[in-house]
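The values are calculated or read from the model by the stated rules, or taken from the named source; none is laboratory data. Bear in mind the structure is a predicted one, so any value in this text is a computation, not a measurement. As a convention, Cβ positions derive from the backbone with ideal geometry for all residues, glycine included, and neighbour counts pool all protein chains shown.
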């Protein structure tokens with residue numbers, strides 16, 4: 001029985017979690033149930049003090065009353081309302097009219113609308129599904145290359161991971177704040193600089209812009225060297241007027257500027273700005289005569305479903321993390337990372353590869369609330385800037401969501417794609433965008449100031 005140790009139970013915790021998740025059990029219940037089961041086993045062999053579980057009610061209360069996390073349901077509602085009221089549909093339709101007579105015009109339209117939806121909804125699944133339903137049949141009808149069409153939709157849809165205001169960044173800010181405090185205790189720094197969603201929003205602006213520019217450059221190069229993949233469509237639809245362009249683009253852009261600007265300039269907290277965004281989405285829908293009882297009801301129900309899923313996962317992950325630390329798992333991870341030759345760079349590479357692979361099988365929320373609290377403090381204590389590290393994790397996960405064969409964005413598009421689009425078309429279509437994101441990660445590693453400069457100026 002010599003193998004029965006703290007290390008054994010730490011490994012058992014993750015092993016059982018993986019088994020039950022693969023079996024299809026609900027994530028939140030799996031996290032909590034696995035933690036309690038292993039904690040009881042550890043108690044019977046005197047390796048886990050059950051008194052640690054007394055901390056759980058305080059943790060749950062802290063999660064529910066966390067002002068930063070209150071922004072999550074409000075941002076979710078803003079995105080759902082804009083999506084349900086047909087704002088995205090109107091944007092794409094009018095952008096197609098504007099760019100239809102330009103080579104690759106519809107691709108540019110999809111990318112532009114994808115950026116706006118990413119900034120307004122922040123929900124990858126909703127963006128990919130909506131863009132797939134609206135634009136993919138039209139691109140097929142106009143004889144655009146199937147692989148290019150699928151790839152652009154998936155890539156633009158995943159921009160919601162890093163383009164602020166993003167739910168992902170709000171959640172990462174909360175997690176990295178805790179990781180930064182823990183790392184500071186390890187290093188003896190009793191007054192660490194806080195990590196806020198404002199910092200992550202500011203840090204994500206330049207990487208988001210660079211990524212969109214890289215996507216655009218690739219599309220331009222492809223339209224030059226492979227013009228047959230990007231036909232010029234002589235549309236019979238009347239040319240869109242400047243007034244129509246403003247009426248379609250102006251409201252969501254102004255809403256995004258108001259929400260993001262109020263956060264960055266310190267006028268409002270992320271939660272207050274999220275409230276403004278939710279109200280603004282309702283006003284836009286009302287102004288465009290798209291608001292009715294059915295849309296309002298369905299938006300509230302969808303928001304409730306997503307929000308309940310997120311917070312139940314947070315609570316389950318909190319219990320899982322508590323038990324893992326009770327077995328000394330955090331120290332095991334820290335010792336493992338610090339004992340690696342060339343610890344700083346190699347530890348980061350190992351963690352990034354691990355998160356990348358986990359992104360094939362686990363949702364973002366599961367990775368953020370289970371993995372990040374475990375590896376974050378160790379990496380920060382090695383000298384990595386928490387804001388930079390959080391953005392690197394976010395972009396890394398965005399890449400894994402695109403990577404065949406298990407990327408979540410691929411499954412989202414596959415579910416709504418016409419039968420003319422084969423799965424292999426989607427796989428081939430996203431490959432250039434995966435390479436672009438990897439290039440961006442390399443650039444950000446070598447030039448961290450791209451992320452850290454603006455947060456330091458605020």
For the range 235-260, pairs from a residue that is under 30 Å from residue 271 (Cβ atoms) to a residue that is at pLDDT 70 or above and in a loop (DSSP other than H, G, I, E, B), with Cβ under 8 Å and 6 or more apart or across chains, are 251/288; 256/165; 259/165; 260/164; 260/165
Given the criteria within 17 Å of the chain's Cα centre (by Cα), surrounded by 23 or more Cβ atoms within 10 Å (Cβ to Cβ) and modelled with pLDDT of 80 or more, does residue 372 qualify?
yes
All but one of (1) over 17 Å from the mean Cα position of the chain (by Cα); (2) under 17 Å from residue 392 (Cβ atoms); (3) at pLDDT below 80 hold for residue 166; which doesn't?
(1)
In the range 401-410, is there at least one residue being assigned to a helix (DSSP H, G or I) and farther than 29 Å from residue 321 by Cβ?
yes
Tell me, yes or no, whether the range 51-61 has at least one residue that is under 21 Å from residue 314 (Cβ atoms) and within 20 Å of the chain's Cα centre (by Cα).
no
Would you say residue 272 is over 23 Å from residue 65 (Cβ atoms) and in a helix (DSSP H, G or I)?
no
Could you tell me which numbered condition residue 325 fails, if it satisfies all but one of (1) surrounded by 19 or more Cβ atoms within 10 Å (Cβ to Cβ); (2) modelled with pLDDT under 85?
(1)
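Residue by residue, here is whether (1) under 22 Å from residue 142 (Cβ atoms); (2) in contact with a helix residue (DSSP H, G or I) (Cβ under 8 Å, 6 or more places away or on another chain); (3) at pLDDT below 85; (4) surrounded by 19 or more Cβ atoms within 10 Å (Cβ to Cβ) holds:
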position	(1), (2), (3), (4)
189	no, no, yes, no
211	no, yes, no, yes
235	yes, yes, yes, no
238	yes, yes, yes, no
Pairs needed: first member in the range 432-447, without any contact (Cβ under 8 Å) to a residue 40 or more places away in the chain; second member anywhere, outside any helix (DSSP H, G or I); C-beta distance under 7 Å; at least 6 residues apart or different chains.
434/402; 434/403
Check on residue 279, part of a helix (DSSP H, G or I), farther than 28 Å from residue 199 by Cβ and over 20 Å from the mean Cα position of the chain (by Cα)
no
Is it true that some residue in the range 170-178 is surrounded by 21 or more Cβ atoms within 10 Å (Cβ to Cβ), under 16 Å from the mean Cα position of the chain (by Cα), without any contact (Cβ under 8 Å) to a residue 60 or more places away in the chain and assigned to a helix (DSSP H, G or I)?
no
Residue pairs meeting the criteria (Cβ under 6 Å; at least 6 apart or on separate chains; first closer than 25 Å to residue 46 by Cα, in the range 4-24; second loosely packed, with under 15 Cβ neighbours inside 10 Å and modelled with pLDDT of 85 or more):
4/45
Considering each of 415, 383 in turn, give the residue that is surrounded by fewer than 24 Cβ atoms within 10 Å (Cβ to Cβ), in contact (Cβ under 8 Å) with a residue 24 or more places away in the chain, closer than 13 Å to residue 132 by Cβ and out of contact with any helix residue (DSSP H, G or I) (no Cβ under 6 Å at 6 or more places or on another chain).
415
Here are the criteria: (1) touching a helix residue (DSSP H, G or I) at 6+ places or on another chain (Cβ under 7 Å); (2) surrounded by fewer than 19 Cβ atoms within 10 Å (Cβ to Cβ). Tell me which single one residue 260 does not satisfy.
(2)
